[in-house]
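Written out below as structure tokens is the structure these notes cover.
The values are calculated or read from the model by the stated rules, or taken from the named source; none is laboratory data. Treat the numbers as computed from the prediction; the structure is a model and nothing was measured. Cβ: placed from backbone, ideal geometry, glycine included. Neighbour counts: every protein chain shown.
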Amino acid sequence: MQPNVPAPRPAGGVPRWVAPTLVTLAGLTAVGVTAVVQPFVWVAHEILVISGYPVPGVFWPGLTVLTALGAGAPAALAWLLVKRPVIRAIARLWTLAAVCAALLGLVRAVPWSAGDAVADALEGVVALVLAFALRRWVSDAEAPGTRSPRVGTAVAVACGLLVLLPWWWVGALGGPLDVVAAALAASGLGVLMSRLRRTGPLRVPVGGPVAGLVLDALVLAVPLALLAGAFGSPGTQLLLLGVLPAGCVALACVDPVRRWSGALLVALAAFGPLAFVDAEEVTLLLVPGDVPQWAAIGTGISAWLALVAGAVVALGLVIAARRTKRAAPVTPPIAPPEAAGREAQAELTAGVSEAGMSEAGMSEAGAEADRPVGRAVGGRGRVLSGALIGVLVVSSGLLWLGPGQDGFHGDRLFVVLKNQAETTAVGDSTTDLTARRTAVYRLLVEHARRTQASLLSALRKVGADPTSYYLVNAVEVDDTPLVRAVLAARDDVAAVQPNPELRPIPEAATAGSADTRTLTGTPANLETIKAPQAWREGTDGRGIVVGFSDSGVDARHEALRDTYRGGADSWHDPWNRTTVPTDPNGHGTHTAGSAVGKKVGVAPGATWIGCANLARPLGNPGLYLDCLQFMLAPFRAGGDPFADGDPARAADVLSNSWGCPDVEGCGAGTLEPAVEALRDAGVFVVAAAGNEGPRCRSITDPIGRYDSVFTVGAVDDKKVVAGFSSRGPVPGDAESKPDLTAPGVDVLSAWPGGGYSRLSGTSMATPQVAGVVALIWQAAPSLRGDIVRTAALLRASTQNATLGSAPSCGGNARNVLGAGTVDAAAAVTLARQGEATRPR
């Protein structure tokens, strides 16, 4: 056997290391740019969303296209400049992959409100079209002497099923249509990658099977990364970037001539992130402990299994190649036909020389391995592959039906009707508060039943599973093309909006541990608003019911257990259907404690009822309405809000430390009819301004943006506005926002499990104002249910607050501070004075 002797460099030519170095840098650039820029852009997008900034529609498609083209530019340059056939073919493969990634990125222009199924299906179609367009560059010919054993379809499917396996546990499928669309998208990606693979060298000719597999895998890692970074809705690409490139070794082991083998492997690997995770749920809003955490776990396990599968298959191929070498006689190299022989031999010689291998050495290595893998490993390999596929399929089913989240969990639609009930006249028809609330409730229910009848009939005919609401005349339905078509044809529908539902996860996050188990003295926020002075006058909120719509409430906490109203109609959980107040998050317990908790609350004598509209960190219009309806007309667990609601048991004051942004499905006016009806029913609605400051005009989300809601910003204990507190003005609203402020920095309150914790946010400021309303209504019973007079009294009795270094917004400090910081003692005194002078 002749030693490997590098081919001599032509006189005056370019050194042979230049071309390999150039293409290597091109590959590193493609992977590096994609792996860095795509996560960076995702983080930037999340910051914009969380901060309340509008995200332009061209954000994702534009940046994805620019990233793909920038990542592929060095490869395109190498394709133009390099003349050596093998290296030039590698550069061509990477360039075409970058172009395909850029074109796929344009699909991200589809708005998320169109639905996941639409985006996935369109992406799958685009991928198939691109695969068809690549046919002019595809070759199934493999250079003589470079063939080596490779696995076929059965082993490829087994590897793909193994990579998919963890998703049956950590993820959850969307609706049936979502699954079909995800399968189409994954299949399109698999076919495109299989086609792209054959635009480059089918094998990198080197001196042995190990080195050959390694180089083949590295070559394939680049297009896998490029496609992963551009594929799927924003959020999904991060998961694909973790999974697909890790499968490069397994893909390199697959026979490229067997076109469906590589396509199935890639499709199965991509199906996990595409089908088992909702892209909108891969968000910083759900960090930590929710979907992003489990998606990261699934990605890590899947990538590890991809690497293991590739290593095992590669090891088997190397062993098979060596056995074949020992068994096969040495044969002379096969000469190519005369017509095309010189050209093929020249390309092969150039490619081999680049790898440092002589023609003779290459020919001998090729002859040693020039046998189908089936003959190398025998029929037993096919039997083992089939058995492994069966085991993996059964294991997947057991995971899904056992510890996994079986069933389908697709998003739904929120349909708002044009004809909304008018409750103002009914609310003004009586001075008796119970009669007033009953009249408003009955009007809303009867109006919804009458105006929804035709729509509900049409929706039931197409299996839309509708859920009716009355506080907003609206219906929640399944999201399918047929349902959308039915809705588009109706003239009684005002808006069709997403009603996203979080997919279930293997284990919900816990509230975490409390900062302290005991209290020493009165919390500073209560001193700031002068609550102890109000208590000394005998006012603690007794007789007033405060309602909390939040993550829940820990009714066993010492600060809250004695003030829970109790009974069958004081707790509602549309998330998990629990029958006793619980709080898996902690946020709701903290806010409830600040309003009515013993030793930590503004109105410790008031009673409370609760509803879980945020058992996990994101809600939707339907969940928010579930709780708002319950607060107007509570009903027993499992009851019908339309038939079983009892307005005589309504909450007097509502504390709402939440907002409903676009990502949760709310438009600017989606929930406005609900809070206007509550106002007409004499229910005082208090809401948080949000934490998107110090930007002006950052009070954008329902319900805090509405005139009919009393909106609360945050200050510190020195009454200086908190930097995070959202500011007005709110376009189209008559009143300045926020209405006033309350302490919201390091507020100490109750925490699940019996302890106490400090939190900051306008969420912490809001319940203190709700507590002050309870004090006012106890002190002046004539004000109970009088929303206008109570709001005016709160504004008239505030303490001065300061901007500090913050600028005013719209030339008016009231758009930052409202009327000032709430003063419990002054409000109670002013209420009593008004009560004493009120005509009898």
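A quick yes/no check of all residues on (1) crowded, with 17+ Cβ neighbours inside 10 Å; (2) assigned by TED's automatic domain parsing to the domain that holds V828:
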{"position": "A458", "(1), (2)": "no, no"}
{"position": "K461", "(1), (2)": "no, no"}
{"position": "A464", "(1), (2)": "yes, no"}
{"position": "P481", "(1), (2)": "no, no"}
{"position": "G512", "(1), (2)": "no, no"}
{"position": "T528", "(1), (2)": "yes, yes"}
- Candidates D739, D707, D786 - the one that is modelled with pLDDT under 95, more than 15 Å from G52 (Cβ to Cβ) and assigned by TED's automatic domain parsing to the domain that holds P532: D707
- Item | Number of the condition not met by T563 [criteria: (1) β-branched (V, I, T); (2) surrounded by 14 or more Cβ atoms within 10 Å (Cβ to Cβ); (3) in contact (Cβ under 8 Å) with a residue 60 or more places away in the chain] | (3)
- Message: Condition first: in a loop (DSSP other than H, G, I, E, B), touching a Lys or Arg at 6+ places or on another chain (Cβ under 6 Å) and either of a type in the set (S, T, N, Q) or crowded, with 24+ Cβ neighbours inside 10 Å (or both). Now tell me which residues in region 688-717 satisfy that.
- Response: G693, S698, I699, S708
- Query: Is there a residue being of a type in the set (D, E) and either within 36 Å of the chain's Cα centre (by Cα) or at pLDDT below 95 (or both) anywhere in region 437-460?
  - Reply: no
- Message: Can you find, within region 798-822, the residue that is surrounded by the most Cβ atoms within 10 Å (Cβ to Cβ) among those that are assigned to a strand (DSSP E or B) and among the β-branched types (V, I, T)?
- Response: T821
- Item | Pairs where the first residue, in region 747-762, is without any contact (Cβ under 8 Å) to a residue 60 or more places away in the chain and the second is surrounded by fewer than 19 Cβ atoms within 10 Å (Cβ to Cβ), C-beta under 7 Å, 6+ apart | S760/D746
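Condition first: small (G, A, S) and over 19 Å from T64 (Cα atoms). Now tell me which residues in region 105-134 satisfy that.
Within region 105-134, S113, A114, G115, A117, A131, A133 meet the criteria.
Of G188, G160, G174, G200, which residue is farther than 21 Å from G300 by Cα, part of a helix (DSSP H, G or I) and touching a helix residue (DSSP H, G or I) at 6+ places or on another chain (Cβ under 9 Å)?
G188
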- Among the candidates V472, V486, V477, V440, residue that is surrounded by fewer than 20 Cβ atoms within 10 Å (Cβ to Cβ) and β-branched (V, I, T): V486
- Does any residue in region 585-610 that is in contact (Cβ under 8 Å) with a residue 60 or more places away in the chain and aromatic (F, W, Y) come within less than 6 Å, Cβ to Cβ, of a residue that is surrounded by fewer than 24 Cβ atoms within 10 Å (Cβ to Cβ) and in a strand (DSSP E or B) six or more places away or on a different chain, and which pairs are these? none
- Message: On the basis of being on the phi < 0 side of the Ramachandran plot, of a type in the set (G, A, S) and surrounded by fewer than 20 Cβ atoms within 10 Å (Cβ to Cβ), does S749 make the cut?
- Response: no
- Query: If you scan region 748-763, which residues turn out to be closer than 22 Å to G704 by Cα, touching an Asp or Glu at 6+ places or on another chain (Cβ under 9 Å) and of a type outside the set (G, A, S)?
  - Reply: L759
- Note on the structure: Only one of L623, L614, L654, L618 is touching a Leu at 6+ places or on another chain (Cβ under 8 Å), in a helix (DSSP H, G or I) and aliphatic (A, V, I, L, M), namely L623
- How many residues, within region 676-687, are touching a Leu at 6+ places or on another chain (Cβ under 8 Å) and either farther than 20 Å from A612 by Cβ or surrounded by fewer than 24 Cβ atoms within 10 Å (Cβ to Cβ) (or both)? 4
